[in-house]
Amino acid sequence: MTQRRDLLGLALASGAAWAAPGWLAGARAQRPGGTLRIGMAAPNTTLDPHLLSNTPNNAVSGHIFDSLIVNDERSRSTPGLAESWTRRDDTHWVFRLRDTRFHDGTPFTAEDAIVSLQRATDLPSAASFRTYTRSIKSMSAPEPLTLVVETRAPDPLLLNSLSRVRIISAKFKDTPSAEYNAGRAAIGTGPYKLQEYIPGNRVVLARNDAWWGPRTPWDTVVLRAVTDDAARLAGLLAGDLDIVEAVIQGGDRVRADARFHLIRGVSSRFVYLGTDQVNDVSPFITGNDGRPLDRNPLKDLRVRQALSLAINRQAMVERVMEGDALIASQFLPKGSPGTSPNLEPPPFDPNRARALLAEAGYPRGFRLTVHGPNDRYINDAKIVQAVAQMFTRVGVETKAEVMPWSTYAGKNSQRTEHSVFLGAWGVNTGETSNPMSALVATRDAQAGLGVSNGGRYANPEVDRRLKEALRTMEDDARNTLLGEASEILFRDVALIPLHHEVSVWAARRGVNYVARADQATLAVGVKQED
């Protein structure tokens, strides 16, 4: 239905690692083959598949729960619990569902799909799935294995949106999240059954031999959260893990050891800085005397432009990211569906930045704190620190403050709590309406728009083009509208673009994986070869 651009590519990684910590020692007793041990860079925060939409949570829940549609490694829509589908007209879709069962033996029916999509829509969340279900007007089940979905208007991305929502058993529709985390409600139709969940540490899964998909080679999968980059790679080199994600340092060690190999691919993840554009007095901005300012400088376009011009993106890519990134000018690289051909990466121009600050009434700058996570994105803490140094050099005295993702993830959800903050978005539709709807659309919880718009940016011209694009079924016309909206919002510095991540995995020889644009590490995609 939708044009997509293959974002897979190659990049280099380098660095070093140190010895494995003691907690890995017990894993050596398990022989690779029947058990796959994956080193995850960030922990999931819940097993409730509808509570918080982010990559760690979605990747883990995808092992236990299926979705109606499955996105492959290039973000293409393929059959999942829906074997096939047809479109009666622009707003009516008919899905033929698989005859399969949940892990507890309960038959899967269209009612389970309806309950799941409704729960994902209604469940209060700091990162809601409603952005994927907002177009659904009604659902019905004329037969147990037939689902009819009516959309409010033509929705060209419905299939991709449905791939984001995991299907639970209808009997758990009112079950609180704690029951999922306890394992009592974490019962899906997926390729693996939950055996153990220790928050922040590991998820242990057993193969579901009744799964409808191809048999996976792994009897057991251990998803081990190892947020320290060096420790994660050390676990692989010591033989305690079979594959690790987010290899940031130590690529040279991997290349030099014939027992291991690297797997690379350009991801669809867009890394950016968000800015508080709603508070009259921003919470982490003061004058040079430490007193709160009587107005929020970030509401001034010239200040946002100055901060963007203060960033040396080439140096960030080369030094902070060690080459494992592409400089960003917008949500996806130029030429991708929904991008503007007229946008270039903002130049590094500290003199112009100082002049703009002076024009805006801040010739001596002000004080600012930049916030971010320290265990979620590649080099996230280093990015925040580098940005703080660059802002300081143009006269905005800046402090960096980072925190664990489990604490940071809920910030800016109900209100804008930070002045400038690091964010990232996996553009997993392969076009720009998804990040635009979530990150910069005027916040409208009922419509599922702006659900992750932490800075509360609002622009009627962006909204108008976006809403028209979301109901335009013809690809070229839709992409033109999205390109126009992209140009408006990035010239308005709705977000400060930084880069697109390059994903790097490392694995032992005999374990292979196809790099995914969405950066997820899924056991069903890990193959064992002789």
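Read-outs: derived from the displayed coordinates by stated rules, not from any lab. None of these values were measured; they are calculated from a predicted model. Positions of Cβ are backbone-derived with ideal geometry, glycine not excepted, and every protein chain shown enters the neighbour counts.
Some notes on this structure:
- Spatial offset of the stretch 362-429 relative to the stretch 497-530 amounts to 27 Å, using the alpha carbon center of each.
- Computed about its Cα centre, the charge dipole of the stretch 337-414 is approximately 220 debye, with only Lys, Arg, Asp and Glu carrying charge at their Cβ.
- Here is the tail figure for the stretch 224-310: Cα pairs spaced more than 15 Å apart come to 71 percent of all pairs.
- Spin-label model, A360 to K299: label points 7 Å out along the Cα-to-beta-carbon direction sit 1.3 nm apart.
- Descending Cα extents along the principal axes, the stretch 332-418, whole Å: 39, 38, 26
- Placing unit charges on the Cβ atoms of the charged side chains and taking the dipole of the stretch 268-502 about its Cα centre, the candidate lying farthest along the positive direction among N434, V320, T392 is T392.
- By the count of other C-beta atoms within 10 Å, a proxy for reagent exposure, E487, E529, E431 are ordered fewest to most as E529, E487, E431.
- Label-reachable residues, the stretch 317-352, where backbone N falls under 18 Å from a point 7 Å from R255's Cα toward its Cβ: 318-326
- A simple charge model with +1 on the Cβ of Lys and Arg, -1 on the Cβ of Asp and Glu and nothing else charged puts the dipole of the stretch 268-502 at about 560 debye relative to its Cα centre.
- In the chain, the DSSP beta bridges split such that about 75 percent are antiparallel, to the nearest 5.
- Subset of K193/K527; K173/K193; K299/K411; K173/K467 violating a 26 Å alpha-carbon distance limit: K173/K467
- Altogether, the Stokes-Einstein calculation at 37 °C and 0.692 mPa s, with the Kirkwood radius of the stretch 379-481 over Cα pairs as Rh, returns a diffusion coefficient of 209 µm²/s.
- Full-stretch length increase - E344, A477 - with 0.36 nm per residue and alpha-carbon distance subtracted: 45.6 nm
- Distance between the C-alpha centres of the stretch 315-346 and the stretch 132-208: 34 Å, rounded to the whole angstrom.
- 15 Å cut-off, amide nitrogen to a point 7 angstrom out along S84 Cα→Cβ, residues in the stretch 109-125: none
- Ordering E468, E474 from the fewest to the most neighbouring beta carbons within 10 Å gives E474, E468.
- If the chain linking A126 and D444 were pulled fully straight, counting 0.36 nm for each residue of separation and taking away their Cα-Cα distance, it would gain 113.1 nm.
- The mean sequence separation of alpha-carbon pairs under 8 Å and at least six residues apart, normalised by the residue count of the chain, gives a relative contact order of 22 percent.
- Global size of the stretch 268-502 as Cα Rg and Dmax, reported in angstrom: 16.8, 55
- Counted residue by residue at 0.36 nm each, then reduced by the alpha carbon distance between them, the extension gain from T220 to N288 reaches 18.8 nm.
- Once divided by 2.2 N^0.38 Å, the Cα radius of gyration of the stretch 104-201 becomes 1.15.
- Within the stretch 268-502, DSSP assigns beta bridges of which about 65% are antiparallel (rounded to the nearest 5).
- For the stretch 50-173, the normalised intensity computed at q = 0.10, 0.18, 0.20 Å⁻¹ comes to -0.27, -0.95, -1.21 (log10 of I(q)/I(0), Debye sum over alpha carbons, equal scatterers, no solvent).
- Annotation: the residues R491, R98, sorted from fewest to most other C-beta atoms within 10 Å of their own C-beta, follow the order R491, R98.
- About its Cα centre, the dipole of the chain is roughly 520 debye, where the only charges are +1 on Lys and Arg Cβ and -1 on Asp and Glu Cβ.
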